[in-house]
Structures are given as C-alpha cells and as structure tokens.
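Contents: one structure, followed by commentary.
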Amino acid sequence: MRRLLFVCISAPALLAGALFAGPAGAAPQPLTLRQAVAFALAHNSTVAASAAALASARSSFAVQKTQNLPTATASLNNIMSKSSNYGGAYAVIGAQQQSVFSQNTAQLQAQYTLTTGGLSGIQLAVAKTNLEQAKANLRNARAQVATSVTAAFNTVVQNDELVNVDRGDLQYQQLLLQNARVKERAGVAAGVDVLSARVSVARSESTLVAARANVANALDSLCQSIGAPLDTPFALPKKLALPALPAISLKKIERIALANRADIASARDALRVADLNRKSWLPQLFPQIQLSAALGNQFSPTNAVFTQQQLDNEYAAGLIPSRILVPRGTPGFWQIQAVSTFNLPIVDYGARRLSRVNYEAAVKSAKLALVNAKLVALNDVRSAYRAAKAALAQVGFAKQEARLGIESAHIKQLQYRAGVAALSDVVQAQQTSISAQSDLISARVAYVNALVRLRTSMGIFSPTNAVADLH
C-alpha cells in the first residue's frame with residue numbers, strides 16, 4: 001500500500017497543471033482535501049457542462065441585448081461603368097445612357113426594429129434570467145462536487161484509521177498468543193487456549209489485509225471521483241479536525257439557505273422565465289415598427305462633366321445669356337423611413353390557443369418546482385444539522401467508550417496473564433474495544449461529512465472554503 005503523508009500547504013488551491021508539475025521523475029505532491037476539491041472542480045464533467053451552459057447563456061444574453069439597441073452602420077460606395085452603343089432602360093423614351101458613369105456615396109445609417117407590446121423587453125428579460133439560472137446551476141454543481149469529494153476523502157481517512165486499529169488489534173492478539181504459550185509451557189493453561197489465540201491472530205491478520213484493501217479501493221474511488229490519475233497521493237490527516245457548528249440557530253440557518261441556495265435561485269429563475277414566456281404570447285398581436293434613418297453625401301463626377309458640357313453647348317448656341325458652372329459636390333442628403341407591419345393571427349388561432357395553454361402549464365410546473373426546491377433545501381439543512389449534532393454527541397460518548405474499552409482490554413490481558421480471567425473473556429474485551437474505536441472513527445467522519453453538507457446547503461460557502469479548516 002502506498003505511503004500517505006500529511007503535508008500542510010499554505011496555498012488555498014493550486015492550479016490543476018501545477019498540482020503534478022515538477023522535475024522529471026519527481027514524485028507528485030500529496031493533495032489535501034481542499035486541493036482535491038479544487039482539482040475536482042477543474043476536471044468534473046458536470047461542472048464543465050454547467051460552465052459551458054453558462055457561456056452559452058452569456059452569449060445569448062449579449063446577442064439579445066444587442067438586438068434591443070439600434071444598429072448603426074457606415075458605408076462608402078463607388079459605382080463605375082462604361083458602355084458602347086447601349087441604349088439602356090430609358091432608350092424607349094429617347095434618352096441616351098452615358099457611356100461612362102461614376103458615382104461616390106458616403107453615408108451613416110441607423111435602424112431600429114420596435115415590437116410594440118413589450119416583446120423585445122420580455123425577450124431580453126428571458127435571456128437575462130436564463131443567464132442567472134445558468135450561474136445558479138454552476139454554483140449548485142460546484143457545491144455538490146465539494147460534498148461528494150469530502151465524503152470520498154473522508155472514506156479514505158476512515159479506512160486508513162481502521163487499518164491502524166486493526167494493526168493494534170493484531171499486535172494485541174499476538175501478545176495474547178505469546179501469553180497463552182507461556183502459560184501452556186508452565187502447565188497452567190490448556191492447549192486449547194493456544195489454539196484459540198492462534199485463531200484470533202489469524203482472524204486479525206485477515207481483517208488487517210481486508211482493511212488495507214479497503215484503503216486502496218477508497219483511494220482509487222477518490223481519484224476517479226476527482227478525475228486524477230489512480231496513483232495520485234493524498235495528504236491524509238492523522239486525526240480528523242472537528243470544527244464547531246455554526247453559532248446561530250437552526251431557523252436562521254434555514255433563512256440563509258432559502259435566500260442563498262443555488263437550486264432555489266435556479267428554480268426561481270425558471271419560474272420567471274415561464275412567466276415571461278406566457279406574457280410574450282400577447283405582444284404578438286401588436287404591430288412591428290421598423291425605423292431607419294440615413295444621412296450622407298452622394299456625387300457623380302461623370303454627371304457633373306456631362307451637365308457642364310450640355311450647358312457649355314447651350315451657351316455657345318446662344319440659348320443661355322451667360323456661362324453657368326456646375327458645382328462640384330452636393331450639400332448632402334438625409335432620409336427617414338418608418339415601416340409598420342400588423343399581423344392578425346386568424347389562421348393559426350388554434351395553435352395560439354394551445355400555445356397559451358402550454359405557457360400556463362409551464363408556469364404551474366415552475367411554481368411547484370420552486371416550492372419543492374424550498375422543501376428540499378429545508379430538509380437538507382435540517383437533516384445535516386441534526387446529523388452533525390447527533391454525530392458530535394456520539395463523538396463524545398464514543399471517546400469515553402473507546403477509552404474504557406482499551407483500558408478494559410488491557411486489564412483483561414493482565415488478568416489472563418495472572419490466571420484470573422479466561423481467554424474468551426480477554427478476546428471479548430478486545431472485540432468490544434475494537435468496536436468502540438471503530439465507532440469513534442465513524443462518528444468523527446459522520447460529523448465532518450454532515451458539517452460540510454450543512455455548509456454547502458446554506459449557499460454562502462464556496463466549495464473550497466467549505467472544507468478549508470478540515471486539515
């Protein structure tokens with residue numbers, strides 16, 4: 001079994017790549033619980049999917065927000081054409097098209113589509129609410145990772161401590177076997193005591209082998225749960241820390257959870273989206289107005305030359321009293337346009353009615369989901385709080401039970417050596433001691449798991465801060 005060392009690292013969470021960085025051939029640094037949670041957050045598929053959904057929602061919100069603003073564009077346009085013996089579209093009325101033509105246009109244009117009835121605002125609100133819901137879903141996924149990784153990590157700690165207990169039990173049984181052999185040689189004990197002691201030693205050895213296998217299996221499960229290589233070492237504490245419960249009442253913890261839990265926020269946002277979708281059914285009856293405006297300058301050099309030639313010819317022929325010069329450039333132009341479209345849903349009336357029924361059913365479902373999310377939150381808080389209090393009380397009793405059990409087993413061993421106690425009584429006392437020590441370890445792990453679950457259920461702790469003091 002790999003050797004696990006307890007190392008205290010001051011950094012709150014190392015980057016995923018830096019956790020295994022080092023010289024070629026150097027052993028990776030053992031991960032603490034906080035680092036294991038940070039590593040899992042960077043490699044968990046559910047968290048990654050939630051982050052991708054958040055990025056998509058953020059992009060959709062940005063697009064919708066842009067669509068609710070007027071679009072402004074600037075353009076530069078140049079037209080050049082040459083022709084020969086081409087009458088053009090106006091040849092039928094006797095007008096001749098110029099053989100050489102050029103025109104330059106520079107303009108600024110703005111366009112705004114206004115959907116009356118507030119549909120644009122509703123769609124923007126839906127996009128924003130979807131964004132908030134995606135943020136809440138990501139927070140909830142990260143909190144669940146913290147809880148699951150803590151439970152997996154503490155399972156390794158529990159199994160590792162049980163190995164120490166079973167190792168002590170084996171040493172106890174081996175010493176008991178030595179005592180039985182001494183007494184057999186002295187003729188004060190039957191050979192059956194030696195046989196019984198050998199059975200107990202074999203049982204203890206078997207239990208120790210199984211306990212070591214459980215540690216290896218728990219380590220592999222922990223590595224798999226955080227997405228790390230199966231040979232990743234972890235810095236297991238020699239003894240689980242027992243931080244105090246929150247120094248506030250259960251009612252206040254419940255109020256904090258209802259106001260801050262990510263799943264409740266997500267359910268609340270889902271209800272808002274459903275309500276907004278229902279409201280979007282009515283604005284479709286209102287007209288859509290498209291407003292546009294443009295200003296710029298447009299000038300055709302070839303038209304100016306052609307017009308100047310015509311005026312010069314008329315002046316030479318005496319048709320005009322004085323020569324007129326065609327101005328170069330124009331004072332500019334502007335344009336305003338409004339297009340209104342009004343559609344009456346006559347043909348698809350049945351579909352619209354069914355759409356309204358669908359929206360109302362979605363609102364009802366979202367309301368029930370929000371109520372259920374609040375009930376789940378309250379149940380999580382209460383069950384975690386009660387489990388933590390019960391486990392903490394059990395820790396106190398288990399400490400006393402383990403201390404008395406160890407003392408009782410030691411006394412029975414001395415009594416057996418002195419010949420005033422039977423071997424069966426000694427074995428029974430040791431089994432009681434082992435059970436008491438196991439109960440103490442289980443109570444410690446149960447308290448820590450319940451405390452982390454309580455912290456994450458409140459919604460105010462980040463995943464790494466929820467386990468920061470569990471060194």
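Derivation of every value follows stated rules applied to the coordinates shown; laboratory data play no part. Since the structure is predicted, the reported quantities are computational estimates derived from the model, not experimental observations. Every residue, glycine as well, gets a Cβ built from its backbone with ideal geometry; the counts of neighbours run over all protein chains shown.
Here the calculated FRET efficiency for K367 and S292, from their Cβ-Cβ distance with R0 = 56 Å, stands at 0.85, rounded to the nearest 0.05. Our analysis of segment 393-443 gives Rg over Rh at 1.08, with the two radii drawn from alpha carbon positions and Rh computed by the Kirkwood formula. In the chain, taking the dipole from charged Cβ atoms about the Cα centre, the farthest positive-side position among L404, V376, P243 is held by L404.
Only Lys, Arg, Asp and Glu count, each charged at its Cβ (+1, +1, -1, -1), so figure out the dipole size of segment 122-259 about its Cα centre, rounded to 20 debye.
On the way: 16 positive and 11 negative charges, 103 e Å.
I would put it at about 500 debye.
Short to long, the 5 Å bins of the Cα pair-distance histogram for segment 293-401 hold 2, 8, 6, 6, 6, 5, 5, 4, 5, 4, 5, 5, 5, 5, 5, 5, 4, 3, 3, 3, 2, 2, 1, 1, 1, 0 percent of all pairs.
For a Förster distance of 41 Å, can you work out the FRET efficiency between the beta-carbons of A55 and F101, rounded to the nearest 0.05? Mind dumping the intermediate values first?
Numbers: r = 51 Å, r/R0 = 1.24.
Rounded to the nearest 0.05, the efficiency is 0.20.
Exposure proxy for T302, T71, T32: other Cβ atoms within 10 Å of each Cβ, ordered fewest to most, give T71, T302, T32. Using the Cβ-Cβ distance between E360 and I411 with R0 = 60 Å, the FRET efficiency computed as 1/(1 + (r/R0)^6) comes to roughly 0.20. The magnitude of the dipole of segment 143-221, with charges of +1 and -1 set on the Cβ of Lys/Arg and Asp/Glu and taken from the Cα centre, is near 360 debye. Helix 349-418 and the longest principal axis of the Cα set of the chain meet at an angle near 20°.
Rounded to the nearest 500, what is the chain's calculated 222 nm mean residue ellipticity when only DSSP H runs of at least 4 contribute -39500 (n - 2.57) each, over all residues?
-22500 deg cm²/dmol
Calculate how steeply helix 191-226 sits against the longest principal axis of the alpha-carbon atoms of the chain, using the helix alpha-carbon long axis, and give the answer as 0 to 90 degrees to the nearest 10. That works out to roughly 10 degrees.
Could you list the chymotrypsin sites (Phe, Trp or Tyr not before Pro) in segment 301-379 that lie in coil according to DSSP, counting only those with at most 11 other Cβ atoms within 10 Å of their Cβ?
Filter output for segment 301-379: F342.
Send over the Kirkwood Rh of segment 265-323, from the inverse of the averaged 1/r over different Cα pairs, rounded to one decimal Å.
18.1
In a reduced charge model with +1 at each Lys and Arg Cβ and -1 at each Asp and Glu Cβ, the chain shows a dipole moment near 1020 debye about its Cα centre.
If you count the DSSP beta bridges with both ends in the chain, what percent of them are antiparallel, to the nearest 5?
Roughly 95 percent of the DSSP beta bridges within the chain come out antiparallel.
Mind checking the full-extension length gain between Q309 and R403? Use 0.36 nm per residue of separation minus the Cα-Cα distance, one decimal, nm.
Net length gain for the segment: 22.1 nm.
Taking the square roots of 5 times each eigenvalue of the Cα gyration tensor of segment 97-187, largest first, gives ellipsoid semi-axes of 86, 21, 6 Å. Projecting the Cα positions of A361, A48, V445 onto the charge dipole of the chain (unit charges on Cβ atoms of Lys, Arg, Asp and Glu, taken about the Cα centre) puts V445 furthest along the positive direction. For the pair S45 and I336, label points projected 7 Å from Cα toward Cβ lie 6.0 nm apart.
With the convex hull drawn around the C-alpha atoms of segment 326-471, the volume per residue stands at 296 Å³.
What number comes out for the charge environment of V157, summing +1 per Lys or Arg and -1 per Asp or Glu over other residues with Cβ under 11 Å away? Don't skip to the end; give the middle numbers.
Numbers: positive: K238, K239, R444; negative: D160, E161.
For residues surrounding V157, the net value is +1.
Once you reduce segment 392-457 and segment 63-87 to the center of their Cα atoms, the two points are 85 Å from each other. Enter the angle in degrees (range 0 to 90, nearest 10) between the Cα long axis of helix 45-67 and the first principal axis of the Cα atoms of the chain, meaning the one along which they spread out most. Result, in degrees: 20.
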